[in-house]
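Structure first, then comments.
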Amino acid sequence: MIQCEHVKKEYGRKTALADFSAEFETGKIIGLLGPNGSGKTTLLRMIAGLEMPNSGDIYIDGKRVNDIPASKRGIGFVFQNYALFRYMTVYDNIAFGLKVQKVDKKTIDKRVKELIELIGLKGLDKRYPSQLSGGQRQRVAIARALSTKPELIVADEPIASLDVSIQAQMVNLFRKLQKEQGFSFLFIAHDLSMVEFLCDRTGVMYHGKLVEEGRTKDIFAHPEHEYTKALLAAVPIPDPRIERQKGEVL
Ligand code: ADP
Ligand code: MG
């Protein structure tokens, strides 16, 4: 369980999160929706430990984590501005977190190879980020987030920058990984058909608050907040590419 209690975050005179309280269940895929500037990125950065709240408390599985640094929170994260290490190969990028934890070489090797296979980049382990496509890089970032087997992964629009054909592939990959490894996955999304397809639960943020949260099915069938209603009313016909991939888990 991820709990936020009266969390406040201000940047100068700007309020990113105002008295934010929420509970997110673990073991689930949770999608966060909300307009630009509603505080989504700020929230994830604080849960990950990359940012400190001005006041309020954050608990993960009942433990207050405010004073625990990012590296000790056991959270994997994928942020757009938290890029791969440019001068490290795919292998070393994925191995990094395990090396920091002083895991022995043999175990690291096994885990890294397993992950490279999982993300479908076998044979590319010696490449550098500059030698990869955007989609491949993003997969490496995801493998890096998974390397230490975190129980929670937070991701800021992990696939938004990818080509649509790769997006569907990534969605299936997340589903498969989450099923196999059982971690919680809290991520910011903007593609509604993806949220509907992938997320067990959906949260909607507006003006620095969580205005609704619940089972994705329920939110989509009976949105309560005006913003959610407008957002869903504007939803175009489902993306046929994503529709086609449904049930076709890679
Ligand atoms: P979202 O991810 O939902 O678009 P953000 O969390 O990025 O929202 O931003 C919430 C608010 O906080 C916005 O008004 C934004 O301008 C402000 N903000 C976020 N990060 C910073 C920062 N580093 N410095 C100043 N203002 C920021
Ligand atoms: Mg953002």
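With respect to Gly214, is the statement that it is modelled with pLDDT under 90, surrounded by fewer than 20 Cβ atoms within 10 Å (Cβ to Cβ) and not aliphatic (A, V, I, L, M) true? If you could, list the steps in order and put the result at the bottom.
Numbers: modelled with pLDDT under 90: no; surrounded by fewer than 20 Cβ atoms within 10 Å (Cβ to Cβ): yes; not aliphatic (A, V, I, L, M): yes.
So Gly214 does not fit the description; no.
For region 140-149, does any single residue satisfy the condition of being closer than 27 Å to Gly39 by Cα, out of contact with any Leu (no Cβ under 7 Å at 6 or more places or on another chain) and of a type in the set (Val, Ile, Thr)?
yes
Can we say Val171 is at pLDDT below 90, open to solvent by less than 10 Å² (accessible area, probe 1.4 Å) and β-branched (Val, Ile, Thr)?
Details: at pLDDT below 90: yes; open to solvent by less than 10 Å² (accessible area, probe 1.4 Å): yes; β-branched (Val, Ile, Thr): yes.
It is true that Val171 is at pLDDT below 90, open to solvent by less than 10 Å² (accessible area, probe 1.4 Å) and β-branched (Val, Ile, Thr).
If you check Ile47, Ile58, which single one turns out to be surrounded by 14 or more Cβ atoms within 10 Å (Cβ to Cβ) and either in a helix (DSSP H, G or I) or touching a Phe, Trp or Tyr at 6+ places or on another chain (Cβ under 7 Å) (or both)?
Details: Ile58 fails: either in a helix (DSSP H, G or I) or touching a Phe, Trp or Tyr at 6+ places or on another chain (Cβ under 7 Å) (or both).
Being surrounded by 14 or more Cβ atoms within 10 Å (Cβ to Cβ) and either in a helix (DSSP H, G or I) or touching a Phe, Trp or Tyr at 6+ places or on another chain (Cβ under 7 Å) (or both) holds for just one of Ile47, Ile58, which is Ile47.
Output the number of the condition that Phe185 fails; it satisfies all remaining conditions of (1) within 16 Å of ligand 1 (Cβ to nearest atom); (2) open to solvent by less than 20 Å² (accessible area, probe 1.4 Å).
Condition not satisfied by Phe185: (1).
Testing Leu115 on (1) open to solvent by less than 50 Å² (accessible area, probe 1.4 Å); (2) in a helix (DSSP H, G or I); (3) closer than 21 Å to Arg45 by Cβ; (4) not charged (D, E, K, R), one condition comes back false. Which one is that?
Unmet condition: (3).
Looking at region 19-41, which of its residues are more than 10 Å from ligand 1 (Cβ to nearest atom) and part of a strand (DSSP E or B)?
The first filter runs over region 19-41 and keeps only residues more than 10 Å from ligand 1 (Cβ to nearest atom), leaving 19-31.
Answer for region 19-41, where residues must be more than 10 Å from ligand 1 (Cβ to nearest atom) and part of a strand (DSSP E or B): Asp19, Phe20, Ser21, Ala22, Glu23, Phe24, Ile29, Ile30, Gly31.
Do we have any residue at all in region 72-84 that's assigned to a strand (DSSP E or B), without any contact (Cβ under 8 Å) to a residue 60 or more places away in the chain, surrounded by 14 or more Cβ atoms within 10 Å (Cβ to Cβ) and among the β-branched types (Val, Ile, Thr)?
Taking region 72-84 first, the residues assigned to a strand (DSSP E or B) are 75-78.
Subset that is without any contact (Cβ under 8 Å) to a residue 60 or more places away in the chain: none.
For region 72-84, residues assigned to a strand (DSSP E or B), without any contact (Cβ under 8 Å) to a residue 60 or more places away in the chain, surrounded by 14 or more Cβ atoms within 10 Å (Cβ to Cβ) and among the β-branched types (Val, Ile, Thr): absent.
Quick test of your reading of the structure: Gly39 fulfils all but one of (1) more than 17 Å from the chain's Cα centre (by Cα); (2) within 16 Å of ligand 2 (Cβ to nearest atom). Name the failing condition by number.
Looking at each condition in turn, Gly39 falls short on (1).
Can you pull out every residue in region 185-215 that is in contact with a Leu (Cβ under 9 Å, 6 or more places away or on another chain) and within 16 Å of ligand 2 (Cβ to nearest atom)?
Matches in region 185-215: Leu186, Phe187, Ile188, Ala189, His190, Val195, Gly203, Val204, Met205, Gly208, Lys209, Leu210.
Of the conditions (1) more than 10 Å from ligand 1 (Cβ to nearest atom); (2) modelled with pLDDT under 95, Asn54 satisfies every one except a single condition; which number is it?
It fails just one condition, (2).
Out of the residues in region 150-168 that are closer than 14 Å to Gln136 by Cα, within 16 Å of ligand 2 (Cβ to nearest atom) and of a type outside the set (S, T, N, Q), which is surrounded by the fewest Cβ atoms within 10 Å (Cβ to Cβ)?
The selected residue is Ala160.
Out of Gly27, Gly12, report the one residue that is surrounded by fewer than 21 Cβ atoms within 10 Å (Cβ to Cβ), free of Cβ contacts under 8 Å to residues at least 40 places away in the same chain and out of contact with any Lys or Arg (no Cβ under 7 Å at 6 or more places or on another chain).
Just a single option satisfies the conditions, and that option is Gly12.
The values are calculated or read from the model by the stated rules, or taken from the named source; none is laboratory data. Nothing here was measured: the structure is a model prediction, and the numbers come from that model. Cβ coordinates were reconstructed from backbone atoms using ideal geometry, including for glycine residues, and neighbour counts include every protein chain displayed. Just so you know, the surface numbers come from the protein's heavy atoms only, side chains and all, with ligands and any DNA or RNA stripped out. Shrake-Rupley method; radii C 1.70, N 1.55, O 1.52, S 1.80 Å.
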